[in-house]
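Peer 1: Can you read through this structure? Questions will come right after.
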Amino acid sequence: MNESKITLRNVEMRFGDVVALDSTDLEVVEGQTTVLIGPSGCGKSTILRLIIGLLTPTSGVIEFEGKPVSQDNILALRRRMGYVIQDGGLFPHLTAAQNVTLMAKHLQTVQEEELQEKLDDLCELTRFPKDGLTRYAVELSGGQRQRVSLMRALTLDPDVLLLDEPLGALDPMVRASLQTELKEIFNRLGKTVILVTHDMAEAGYIGDSIVLMRAGRIAQQGTLDDLRERPADEFVSEFITAQRSLVQL
Ligand code: ADP
Ligand code: MG
């Protein structure tokens, strides 16, 4: 129990003079939902890109199930991770169904018949209307696009789900209902989830563990109660207070 699925050890990411991520240690516990939160530019998306291997750390080590991630194993590991990028990243000239099945078809690991069943299951799981599958991404609502992105991330039945502000662009009503649904889906699937948000109420609602970041560093990791009642520093309490004025936590 409480095994670390993904571990960052002294991971640093620089782009020229920009330190996107200062030397960072992070443990992502298997089966839990870990939420990364913090001001814009603090390094949240960088952490996801490092984990999925789109970026190679300037220094430090990333471990997946205790083994270092390297050029040799990253492609195999990537197939065990589903990634929902900011704004969904659907191909506009493909239908919803084509977007969802693109990777599985490319890899040819799933039979056509099985893929159809999978598609049906995923529609049910994400409550996406089946008659929407033949629509192009541009013909879908924001909420439906995010459901399709989530279906796509789940097609290969990954162990790990990485979601970068999946609800960021949605209006408040749609956002609230999708928060509830996402939490249910994560609980049902029992996968290891890392979700990025800038909304503390969302982080507290969905996350088992919250990682509050500031300027390329982790300011504090814990539960919402830890952060509220035992803030590590001034920044943590100010961040919580600023968000509490918007939403009663
Ligand atoms: P967040 O997702 O928390 O808003 P990011 O992880 O995207 O922040 O970015 C962290 C910092 O790294 C920012 O200062 C950003 O401008 C910088 N950064 C991210 N990606 C690149 C890149 N490819 N080239 C240069 N700077 C980058
Ligand atoms: Mg980001």
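The values are calculated or read from the model by the stated rules, or taken from the named source; none is laboratory data. The structure presented is a predicted model; accordingly, all values stated were derived computationally and were not measured. Cβ coordinates were reconstructed from backbone atoms using ideal geometry, including for glycine residues, and neighbour counts include every protein chain displayed. Just so you know, the surface numbers come from the protein's heavy atoms only, side chains and all, with ligands and any DNA or RNA stripped out. Shrake-Rupley method; radii C 1.70, N 1.55, O 1.52, S 1.80 Å.
Peer 1: Starting from the 7 Å offset along Cα-to-Cβ, what nm value, one decimal, do you get for the label separation of Asp157 and Leu54?
Peer 2: Here the answer is 2.6 nm between the modelled labels.
Peer 1: P(r) for the chain, please, calculated from all Cα pair distances in 10 Å bins and given in %.
Peer 2: Distribution as computed: 7, 31, 35, 21, 5, 0 percent.
Peer 1: Another question about this same structure. With a 1.4 Å probe and all protein chains left in place, how much of the accessible area of the range 1-71 comes from carbon and sulfur atoms, in whole percent? Show your work: numbers first, answer last.
Peer 2: On the way: 1580 of 3360 Å².
Ligands and nucleic acids excluded, carbon and sulfur reach 47 percent.
Peer 1: Modelling each spin label as a point 7 Å along the Cα-to-Cβ direction, I'd like the Ser4/His93 distance in nm, to one decimal.
Peer 2: Simple spin-label model gives 4.5 nm for this pair.
Peer 1: Also: Could you calculate the contour length gain from Arg244 to Asp22, that is, 0.36 nm times the residue separation minus the distance between their Cα atoms, to one decimal place in nm? Show your work: numbers first, answer last.
Peer 2: Working: separation 222, 0.36 × 222 = 79.92 nm, distance 2.79 nm.
Taking 0.36 nm per residue and subtracting the Cα distance, the gain is 77.1 nm.
Peer 1: Here is a further query. Could you list the residues of the range 59-85 with an amide nitrogen less than 15 Å from a label point located 7 Å from the Cα of Tyr136 in the Cα-to-C-beta direction?
Peer 2: Counting only backbone N, you get no residues.
Peer 1: Rounded, prolate or oblate, given the Cα gyration tensor of the range 88-157, with a/c below 1.5 counting as rounded? Provide the component values of the computation, followed by the final result.
Peer 2: Working: a/c = 1.76, a/b = 1.40, b/c = 1.26.
Note, shape of the range 88-157 comes out prolate.
Peer 1: Give me the accessible area of Ser209, 1.4 Å probe, in Å² rounded to the nearest 10.
Peer 2: Looks like 20 Å² after rounding.
Peer 1: Can you compute the equivalent ellipsoid semi-axes for the range 107-205, i.e. the square root of 5 times each eigenvalue of the Cα gyration tensor, sorted largest first and rounded to whole Å? Don't skip to the end; give the middle numbers.
Peer 2: Values: eigenvalues 108, 58, 25 Å².
In descending order the semi-axes read 23, 17, 11 Å.
Peer 1: Next question, about the same structure. By how many nm would the segment from Glu113 to Lys183 lengthen if fully extended, with 0.36 nm per residue of separation less the alpha-carbon distance?
Peer 2: Details: separation 70, 0.36 × 70 = 25.20 nm, distance 2.94 nm.
Net length gain for the segment: 22.3 nm.
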